[in-house]
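A short worksheet on the structure shown next.
The values are calculated or read from the model by the stated rules, or taken from the named source; none is laboratory data. Since the model is a prediction, treat every value here as computed from it, not as a measurement. No Cβ is skipped: glycine too gets one built from the backbone with ideal geometry, and neighbour counts run over all protein chains shown.
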Amino acid sequence: MTYTSEKPLILAIETSCDETAVAVFQGFSTILSSCLFSQAEIHKNTGGVVPEIASREHLLRLPKLVQQSLTQAAIQPSQLDAVAATIGPGLAPALLVGMAFAKGLAISIRKPFLAINHIEGHILSPFIGQNAIPTHLALVVSGGHTLLLLVHGFHNYQIIGKTLDDAAGEAFDKAAKILGLSYPGGSQINHLAKSGNPNAINFPRSMLSDNSLNFSFSGLKTALRRYIEKNPSTSPSQLADICASFQEAIVDVLVKKITRAIQLYPVNLVAISGGVAANSRLRERISQELAPRNISIQYPPPNSLTDNAIMIAFTAIHKYLSRFHSNWNEDVFSRLQSDPSFSENLPPNPST
Amino acid sequence: MEANSFWLLGQTKFSSSENETINLAASWAATWQSPLTIAISGPLGAGKTRFVAGIARGLGSSDSVSSPSFALVHTYQSPKWPIYHLDFYRLSFQDEVWQLAFEDYLSHAIVLVEWGEKFPHVFPPSSLQIQITPINPSHRQLTLQTLSTSIPPPSQLLL
């Protein structure tokens, strides 16, 4: 397998959890197509919060999405320089579908297969279009992950903080369920919070008293549940106050951990990725905190916040042009710690 | 091994803090002689994930335990057995459990399932259940019982 193209054309598949996504990228900056089977629309229609998790669903959707993606990009499979797929972390049966499909396609066109880490995709998503990844502090904050990392350039990541229980996005979604809001919960709470008072209820801010960069959002969820049990009937303005106060507690913790990380590891750039990076209050508070210190903040484009294949394709372009090679026997993994490009170096946590 | 590490079927234990819950689970798990399958039940925020963290620690795992609500399955290594930490919270149909490769985990590993009581019929016979009941913000009542799997309706038996 040769890596001849300077502006490689790569098709990437993402099936790490609920979303089935395919994208075609050329070089560092040209998105030729991006197709996503969005669960959120289905959930809105049914009012449910339960996704179709099934690998069977991925299997049913994937061939159509790949075809659609190639058609939109107006290319033939033989024109591709490589085929990429997310191999972890995620749900193994779901990952297997995307990986097997990508390997099969790559073999059929005699081009390399590139195995991509889902978290690396999120980390690089704020830099889509750029050919160099600067040293920076990264916060990956989504439904499944809450991680603080030092990024020392492409493919060199150091985990310095992570959640000990729930991810921040999960806290939003579970809170929305407790409050009886529709799916997706995070954006609903963000929307309702705009007319509420963030200081109305003093929800707990976990893990702020220790010196670690770890997170914990489970206690906050418990506190909300107890509050709702004590105050079962809420007016629209009270609901807005609850949403604003709950959101403030999460944002407060995220902002303070970022601030602490910057004190420990001085950087001049912070990048925030994942679905929770869409939260307007988080963006507002981060700007207030970092702008006076002359620290820049970078976010992914709106189409690359939640799980998508654009970020997987972009990571694949970087891998291809860095001459990274994935073996045909590459296998899926469910835990981030299995990837050697992620080292873990957590500051001491006195509480454990 | 301390006598109070053991947990009898039907026995209720009390915990006054998150740390105590973790210690209780850890000392219990340290007594295990063979892999167990346990449904971990309790309302949102009861401390189910913390209980699993305790079991993992008791089995000698140094992996960090977090909520698998989104990913549905987390796996941890321990010197004795692999640990599968599942969460049925987001699942709506029993059929979805099989798509997590649930049956593959059962024979050789510790299987800990948050919200497992949602689909009791997927569990093998003699599966256990820990019911966590919040008494107040910090105190929890924890009861060990067999997971009740009443006989499924005939329609399910035929399928």
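So the values come out like this:
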{"quantity": "Positions within region A:294-304 being in a helix (DSSP H, G or I) and either modelled with pLDDT of 95 or more or within 18 Å of residue A:133 (Cα to Cα) (or both), in sequence order", "calculated": "A:304"}
{"quantity": "Region A:243-284: number of residues that are assigned to a helix (DSSP H, G or I), of a type in the set (Gly, Ala, Ser) and more than 13 Å from residue A:161 (Cβ to Cβ)", "calculated": "7"}
{"quantity": "Selection count, region B:2-25, where residues are more than 22 Å from residue B:134 (Cβ to Cβ) and of a type in the set (Ser, Thr, Tyr)", "calculated": "1"}
{"quantity": "Residue in region A:126-139 that is closer than 26 Å to residue A:310 by Cα, within 14 Å of another protein chain (Cβ to nearest Cβ), crowded, with 21+ Cβ neighbours inside 10 Å and at pLDDT 95 or above present", "calculated": "no"}
{"quantity": "Residue selected from region A:169-183 under the condition in a helix (DSSP H, G or I) and within 11 Å of chain B (Cβ to nearest Cβ), by the criterion surrounded by the most Cβ atoms within 10 Å (Cβ to Cβ)", "calculated": "A:171"}
{"quantity": "Test result for residue A:307, surrounded by 15 or more Cβ atoms within 10 Å (Cβ to Cβ), modelled with pLDDT under 95 and outside any helix (DSSP H, G or I)", "calculated": "yes"}
{"quantity": "Residues within region B:53-96 that are crowded, with 23+ Cβ neighbours inside 10 Å, more than 10 Å from chain A (Cβ to nearest Cβ) and of a type in the set (A, V, I, L, M), tallied", "calculated": "4"}
{"quantity": "Which numbered condition residue A:165 misses (of (1) part of a loop (DSSP other than H, G, I, E, B); (2) more than 17 Å from residue A:21 (Cβ to Cβ); (3) in contact (Cβ under 8 Å) with a residue 60 or more places away in the chain)", "calculated": "(3)"}
{"quantity": "Filtered residues of region A:311-336 (kept if within 17 Å of the chain's Cα centre (by Cα) and either exposed (fewer than 15 other Cβ atoms within 10 Å of the Cβ) or β-branched (Val, Ile, Thr) (or both))", "calculated": "A:312, A:315"}
{"quantity": "Flag if residue A:200 is in contact with a Cys (Cβ under 6 Å, 6 or more places away or on another chain), away from chain B (no Cβ under 14 Å) and at pLDDT 95 or above", "calculated": "no"}
{"quantity": "Positions within region A:260-273 being closer than 13 Å to residue A:213 by Cβ, out of contact with any Pro (no Cβ under 7 Å at 6 or more places or on another chain) and surrounded by fewer than 15 Cβ atoms within 10 Å (Cβ to Cβ), in sequence order", "calculated": "A:263"}
{"quantity": "Selection status of residue B:90, under 24 Å from residue A:226 (Cβ atoms) and more than 11 Å from the chain's Cα centre (by Cα)", "calculated": "yes"}
{"quantity": "Residue match in region A:147-159 (condition: surrounded by fewer than 24 Cβ atoms within 10 Å (Cβ to Cβ) and within 14 Å of chain B (Cβ to nearest Cβ))", "calculated": "yes"}
{"quantity": "Residue count, region A:307-349 (criterion: of a type in the set (Asp, Glu) and either farther than 19 Å from residue A:99 by Cα or out of contact with any helix residue (DSSP H, G or I) (no Cβ under 9 Å at 6 or more places or on another chain) (or both))", "calculated": "1"}
{"quantity": "Top-ranked residue of region A:66-100 - restricted to ones that are part of a strand (DSSP E or B) and within 14 Å of another protein chain (Cβ to nearest Cβ), ranked as surrounded by the fewest Cβ atoms within 10 Å (Cβ to Cβ)", "calculated": "A:88"}
{"quantity": "Search result, residues across region A:1-40 that are among the hydroxyl-bearing types (Ser, Thr, Tyr), within 16 Å of residue A:101 (Cβ to Cβ), at pLDDT 90 or above and out of contact with any Lys or Arg (no Cβ under 8 Å at 6 or more places or on another chain)", "calculated": "A:15"}
